[in-house]
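Enquirer: The structure under discussion is supplied below as structure tokens; questions concerning it will follow.
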Amino acid sequence: MQQSINVGLIGFGMAGQVFHAPIINCVPGLRLHTIYARRAEQQAIIHSKYPQTQIVADPQDIIQDPDIELVIVATANSVHFSLTKDALLAGKHVVVEKPFTNTATDAEELIALAQKQGKILSVFHSARWHSDYLTVQDVLKSGELGRLVTYEVRYDRFRNYLRPGAWREEDLPGSGIFFDLGAHLIDQSLQLFGKPQAIFTYLRKMREGVKAVDDFEIMLYYHNLKVSLKGSMLIKEPTPRFALYGTDGAFVKHGVDPQEVALKEGRTPLNTSNWGEEPSDIWGILHTDTKGSGFDARGPIPSKKGNYPGFYENVRDAIHGTAELVVKPEQAKDVIEILELGLKSHAERRVIDLS
């Protein structure tokens, strides 16, 4: 048996509290050793849920702790770079909440430093372990759609008011849903199709008094394939999450991966036997007619199970040297490059050629 890896979690806001802490806590071989949390209400939650975990009021107490091997940076985007750099210089393995950094230049520096230090560096692109995306991967691999011609994905929410004090709603580098939700959709697309030939982006600020982007559309151009990625904070009526159209049919998927809702309700893989399972009423519909055969087939495709623990299981194994890292920092840097080019495309109102 490998010795457990002591983990230090920097940040106990939405990301740290809802995603990282409960998932780390359920992965064998990882020990949630210390959490950085300043607010009394955060500390009370930690005492209740993770009584064996230490609490510190300074991130450097985690970074400089010789007993901690893996540092999780789950803070505001503005300090991802500085905290990750400090942790790598201190000889730690690091997982960074997405988006990786605010600029590709910063990402490149961290990648070079991780290589120099001989440490694992990864980014929490958890949407690769979503039930819907895993199912889409299977549908594409099956070939039943024929040649894919259109790939459309939406990541929508409805909140027609601003959250007081929320840094993601401020006019800051890396704030807004383009960097937050768009990073997920871009990462998924790059994994499926590789880097695009060109990109066009349209960004909006729709809600009264909003300072950060709250509506985006990204068009990724590939040979004979159109990729459309959209997200908005003002979509009250649910739209399809995934819509794939090919020469032999379509796959349309409503509903969202159930893991985030479960975690917000206090459920975890440790106390939920059907973790990551979607209800059958949101399974995607596959509708095909192979090469004009006249044989029209339409029916639901059972969704794969979502599996957030899979991310941290892979990081654990990569640290032990028994598995290849799945979310490589170079891939996360590619996402940042697309986001930066997206900002340029919107500012200049033109298609940016990547070829």
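The values are calculated or read from the model by the stated rules, or taken from the named source; none is laboratory data. Worth saying up front: this structure is predicted, and the values here are computed from it rather than measured. Note: ideal-geometry Cβ built from the backbone for every residue, glycine included; neighbour counts use all protein chains shown. These accessible areas exclude ligands, DNA and RNA; they are computed on the full protein's heavy atoms, side chains included. Shrake-Rupley method; radii C 1.70, N 1.55, O 1.52, S 1.80 Å.
Enquirer: Can you send over the carbon and sulfur percentage of the accessible area for the range 22-71, probe radius 1.4 Å, protein chains only? Walk me through the numbers before you get to the answer.
Expert: Values: 1160 of 2570 Å².
C and S fraction of accessible area: 45 percent.
Enquirer: Taking 0.36 nm per intervening residue step and subtracting the Cα-Cα distance, what contour gain separates ILE55 from ASN6 on full extension?
Expert: Full-extension gain reported as 16.3 nm.
Enquirer: Under the classification rounded if a/c is under 1.5, otherwise prolate if a/b is larger than b/c and oblate if not, where does the range 205-355 fall, given a ≥ b ≥ c as square roots of the Cα gyration tensor eigenvalues? Intermediate values should be presented prior to the final figure.
Expert: Numbers: a/c = 1.36, a/b = 1.05, b/c = 1.30.
Judged from the Cα gyration tensor, the range 205-355 comes out rounded (a/c under 1.5).
Enquirer: Measuring from label point to label point, each 7 Å out along Cα→Cβ, what is the ALA40 to GLU277 span in nm?
Expert: Spacing of the two 7 Å Cα→Cβ label points: 4.3 nm.
Enquirer: How many percent of Cα pairs in the range 124-201 exceed 19 Å? Each step should come with its number before you reach the end.
Expert: On the way: 1479 of 3003 pairs.
I get 49 percent for the Cα pairs in the range 124-201 exceeding 19 Å.
Enquirer: Please report the net charge: other residues with Cβ closer than 13 Å to the Cβ of GLU337, K and R +1, D and E -1. Intermediate values should be presented prior to the final figure.
Expert: Details: positive: LYS195, LYS333, LYS344; negative: ASP106, GLU108, ASP187, GLU330, ASP334, GLU340.
For residues surrounding GLU337, the net value is -3.
Enquirer: Apply the Karplus curve 6.51 cos²θ - 1.76 cosθ + 1.60, θ = phi - 60°, to the phi angles in the range 135-147 and return the couplings in whole Hz, x for Gly and Pro.
Expert: Result, ordered by residue: 5, 4, 4, 5, 4, 5, 5, 5, x, 5, 7, x, 7 Hz.
Enquirer: Another question, if that's okay. With a sphere of radius 15 Å drawn around the Cβ of LEU270, what net charge do the other residues whose Cβ falls strictly inside it have (Lys, Arg +1; Asp, Glu -1)? Can you show the working numbers first?
Expert: Working: positive: ARG31, LYS49, ARG267; negative: GLU265, GLU313.
Value of the local net charge: +1.
Enquirer: What is the packing order of peptides 139-150, 178-189, taking the mean over residues of other C-beta atoms within 10 Å and listing the highest first? Show your work: numbers first, answer last.
Expert: Details: 139-150: 14.8, 178-189: 24.0.
Highest to lowest by the protection proxy: 178-189, 139-150.
Enquirer: Over the range 106-161, what percent of the accessible surface lies on carbon and sulfur atoms, probe 1.4 Å?
Expert: Numbers: 1050 of 2360 Å².
It is 44 percent, rounded to a whole number.
Enquirer: Averaged per residue, what accessible area in Å² does the chain show with a 1.4 Å probe, protein chains only?
Expert: Values: 16150 Å² over 355 residues.
So the chain comes to 45 Å² accessible per residue, rounded to a whole number.
Enquirer: On full extension of the chain, what length is gained from ASN160 through ALA198, given 0.36 nm per residue of separation minus the C-alpha to C-alpha distance?
Expert: Numbers: separation 38, 0.36 × 38 = 13.68 nm, distance 3.26 nm.
The span from ASN160 to ALA198 would gain 10.4 nm if fully extended.
Enquirer: Would you mind counting up the charge near SER82? Only other residues with Cβ under 15 Å from its Cβ, with Lys and Arg at +1 and Asp and Glu at -1.
Expert: Working: positive: LYS85, LYS92; negative: ASP58, ASP86, GLU97, ASP106, GLU109.
The answer is -3.
Enquirer: Among ALA112, LEU234, THR150, whose Cα lies farthest out toward the positive end of the dipole of the chain, if unit charges sit on the beta carbon of Lys, Arg (+1) and Asp, Glu (-1)?
Expert: LEU234
Enquirer: Continuing with the same structure: Once you sort the root eigenvalues of the Cα gyration tensor of the range 91-235 as a ≥ b ≥ c, which label holds: rounded (a/c under 1.5), prolate (a/b larger than b/c) or oblate (the other case)? Mind dumping the intermediate values first?
Expert: Numbers: a/c = 1.81, a/b = 1.04, b/c = 1.74.
Oblate, because a/c is 1.5 or more while a/b does not exceed b/c.
Enquirer: With a ≥ b ≥ c the root eigenvalues of the C-alpha gyration tensor of the range 292-342, is it rounded (a/c under 1.5), prolate (a/b larger than b/c) or oblate?
Expert: Verdict is oblate for the range 292-342.
Enquirer: Further, regarding this structure: Give the relative contact order (percent, whole number) for the chain; include only Cα pairs under 8 Å separated by 6+ residues.
Expert: Computed value for the chain: 19 percent relative contact order.
Enquirer: A follow-up question, please. Describe numerically, in nm with one decimal, the distance between label points set 7 Å from Cα along Cα→Cβ at HIS254 and at GLN137.
Expert: Modelled inter-label distance: 2.6 nm.
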